[in-house]
Amino acid sequence: MRLYNTLKRKKEEFVPLNGNKVSLYACGITAYDLCHIGHARSSVVFDVLVRYLRFKGYDVTFVRNFTDIDDKIINRANETGVSATELAEKFIGEFYVDMDRLNILRADIEPKCTEHIPEMIELTETLIGKGHAYSTPSGDVYFKVRSFDDYGKLSGRNIEDLQSGARIKPGEEKKDPLDFALWKAAKPGEPSWESPWGEGRPGWHLECSAMSEKYLPLPFDIHGGGQDLSFPHHENEIAQSEAATGKEMARFWVHNGFVQINSEKMSKSLGNFFTIRDIIEKFMPETLRYFLLTMHYRSPLDFSFDALEEAEKGIRRVYAALEQIEEALQKAKWSKAALPDEVLAEIEDAEKGWADAMEDDMNTAAAMGHIFTLIRLAGRIAEEKSWRKSEGGRDAWTRILENVRKWGEVLGIFTEKPAVFLNNLKQCMLERNGIDVSKVEELVAARQDARKNKDFARSDEIRDELIELGIEVKDTPQGAVWNVI
RNA sequence: GGCGACAUAGCCAAGUGGUAAGGCAGAGGUCUGCAAAACCUCCAUUCUCCGGUUCAAAUCCGGAUGUCGCCUCCA
């Protein structure tokens with residue numbers, strides 16, 4: 001497959017370094033608060049990448065860390081009167097709750113920063129030994145950016161450009177404004193660990209270098225994360241790992257685009273962010289996942305509840321079609337007839353289109369289009385009397401169903417039983433719109449009575465009332481069926 | 001100030017040299033007591049603008065405008 005490599009600024013053919021094995025590291029969360037939609041996007045993107053690589057037959061080792069010690073955690077812990085450890089554990093727990101609901105697979109290895117302090121100290125010592133880092137009188141250790149010639153290769157910056165923006169904050173003992181902390185001396189009351197430089201804790205960038213190196217031999221195949229991590233976080237990781245080992249850190253750097261609100265980055269300072277909880281309170285988690293996959297992973301994605309409602313209609317249509325196909329396939333007798341070649345050719349085109357889209361930098365948006373092609377085709381077979389009764393129709397439906405299931409497995413959507421999903425969706429929409437079910441059922445029953453008596457004026461009147469409530473009724477051979485609009 | 005990304009129909013969105021996927025909304029039709037759902041048909045001679053390269057450009061190059069991001073913690 002072709003993957004966009006930030007390091008090279010272009011798509012490159014992805015071939016793992018070691019045969020069938022793929023090693024992938026993605027930066028995880030800093031556990032100090034609930035996850036927001038941005039975390040959801042990043043998690044979904046790398047979850048689909050892992051699923052797709054496995055689908056292709058690769059043996060993937062996926063490592064995703066937890067940052068469980070950090071300024072933000074300490075601050076939040078102090079505010080709320082719990083220990084940093086307790087706080088981090090709480091939000092790691094909440095992270096799993098959200099990820100499970102979004103159908104995100106667990107990573108193979110999920111290292112925590114606080115469990116890898118010795119490795120971090122060792123890495124820091126190596127860097128000092130090689131002249132890439134230095135300690136200060138107060139017990140901080142800084143990485144000497146100018147000692148690493150490749151600094152800036154990921155983010156496309158050069159030392160001179162960076163220098164203009166860099167400042168030494170009061171109290172810092174950096175020798176150069178560009179230098180960044182590997183180890184921070186403990187301030188009073190902070191959690192800390194013993195080190196050759198006194199009590200302290202690791203800097204954020206150091207964690208990922210130490211943990212990735214421990215679990216994945218360098219260079220590993222793919223390093224992922226949000227776009228905003230590319231500088232300085234990933235740049236610093238590269239500097240640390242490559243300066244210490246002399247090896248390349250990762251061959252492919254993959255970055256997902258941001259979630260935006262009204263075309264602006266979602267952030268706490270702008271007060272425009274939504275947590276995953278905010279969303280799944282009102283929408284199915286799978287709707288959110290579907291929505292996130294309707295756009296290419298590198299594009300900025302504008303979130304709104306209107307857009308989510310639109311996505312909800314799309315996913316409902318797919319599940320409704322799956323349900324109909326499953327029902328249609330219950331039939332026992334099929335006539336011996338084949339479908340026209342062009343219908344089969346359309347299925348083949350969709351299959352090929354799906355594969356091409358995923359191969360091309362994991363283009364889930366394009367891939368989704370081919371799912372809809374199959375959905376439409378399934379409906380067409382149902383419309384044509386001679387097709388829907390034939391073995392050709394049966395086989396085409398089966399093939400469509402299998403494809404959607406298989407592709408859905410990779411995307412992490414469309415894997416529920418259609419009836420279950422549709423029913424849950426209905427409940428979710430009823431609740432969100434505050435619809436009184438007993439009132440609806442009363443009206444539907446009254447309408448049925450009116451229809452039985454051929455009082456169509458009354459029946460249509462009731463239907464208008466239902467529409468007013470946000471309910472549509474359809475009359476089927478099995479009776480009236482209602483749904484939320 | 002430095003670096004970078006993006007600009008495609010009413011909306012969302014694929015598409016990196018060969019003549020504009022898909023979704024949502026909308027219009028007409030089949031079906032229906034009428035509807036709904038489903039399906040069929042239609043819905044961008046054109047891709048922000050101006051130049052250039054080419055037999056050929058939404059796609060490449062230059063410029064303009066606009067939007068956003070990174071340069072401080074951030075998925």
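General observations
- The number of residues in the stretch A:233-256 that are more than 7 Å from RNA strand B (Cβ to nearest atom) and either of a type in the set (Asp, Glu) or outside any strand (DSSP E or B) (or both) comes to 16.
- Condition met for A:Val82 (away from RNA strand B (no atom under 16 Å from the Cβ) and either in a helix (DSSP H, G or I) or open to solvent by less than 30 Å² (accessible area, probe 1.4 Å) (or both)): no
- Looking across the stretch A:47-61 at every residue that is part of a helix (DSSP H, G or I) and among the β-branched types (Val, Ile, Thr), the one that is nearest to the chain's Cα centre (by Cα) is identified as A:Val48.
- Filter pass, A:Ile159 being open to solvent by 40 Å² or more (accessible area, probe 1.4 Å), within 16 Å of RNA strand B (Cβ to nearest atom), free of Cβ contacts under 8 Å to residues at least 40 places away in the same chain and aliphatic (A, V, I, L, M): no
- No other residue among A:Ser269, A:Ser230, A:Ser263 is near RNA strand B (Cβ under 9 Å from one of its atoms), on the phi > 0 side of the Ramachandran plot and open to solvent by 10 Å² or more (accessible area, probe 1.4 Å) apart from A:Ser263.
- Taking every residue in the stretch A:7-18 that is in contact (Cβ under 8 Å) with a residue 40 or more places away in the chain and assigned to a strand (DSSP E or B) and pairing it with any residue that is surrounded by 13 or more Cβ atoms within 10 Å (Cβ to Cβ) and among the basic types (Lys, Arg), at least 6 positions away or on another chain, the pairs with Cβ-Cβ distances below 8 Å are A:Lys11/A:Arg2; A:Glu12/A:Arg2.
- Some residue of the stretch A:289-297 being in contact with a strand residue (DSSP E or B) (Cβ under 6 Å, 6 or more places away or on another chain) and of a type outside the set (Lys, Arg): yes
- Among the residues here, A:Glu323 qualifies as in contact with a Leu (Cβ under 7 Å, 6 or more places away or on another chain) and open to solvent by 50 Å² or more (accessible area, probe 1.4 Å).
- Among the residues here, A:Ala31 does not qualify as open to solvent by less than 10 Å² (accessible area, probe 1.4 Å) and out of contact with any Phe, Trp or Tyr (no Cβ under 9 Å at 6 or more places or on another chain).
- Here the stretch A:85-107 is the region considered, the condition is being surrounded by fewer than 14 Cβ atoms within 10 Å (Cβ to Cβ) and of a type in the set (D, E, K, R), and the residue that is farthest from the chain's Cα centre (by Cα) is A:Glu86.
- Condition met for A:Ala367 (surrounded by 20 or more Cβ atoms within 10 Å (Cβ to Cβ), near RNA strand B (Cβ under 10 Å from one of its atoms) and in a helix (DSSP H, G or I)): yes
The values are calculated or read from the model by the stated rules, or taken from the named source; none is laboratory data. Just so it is clear, the structure is predicted and the values come from calculations on it, not from any experiment. As a convention, Cβ positions derive from the backbone with ideal geometry for all residues, glycine included, and neighbour counts pool all protein chains shown. Ligands, DNA and RNA are stripped out before the accessible areas are found, and what is left, the full protein with its side chains, is counted by its heavy atoms. Shrake-Rupley method; radii C 1.70, N 1.55, O 1.52, S 1.80 Å.
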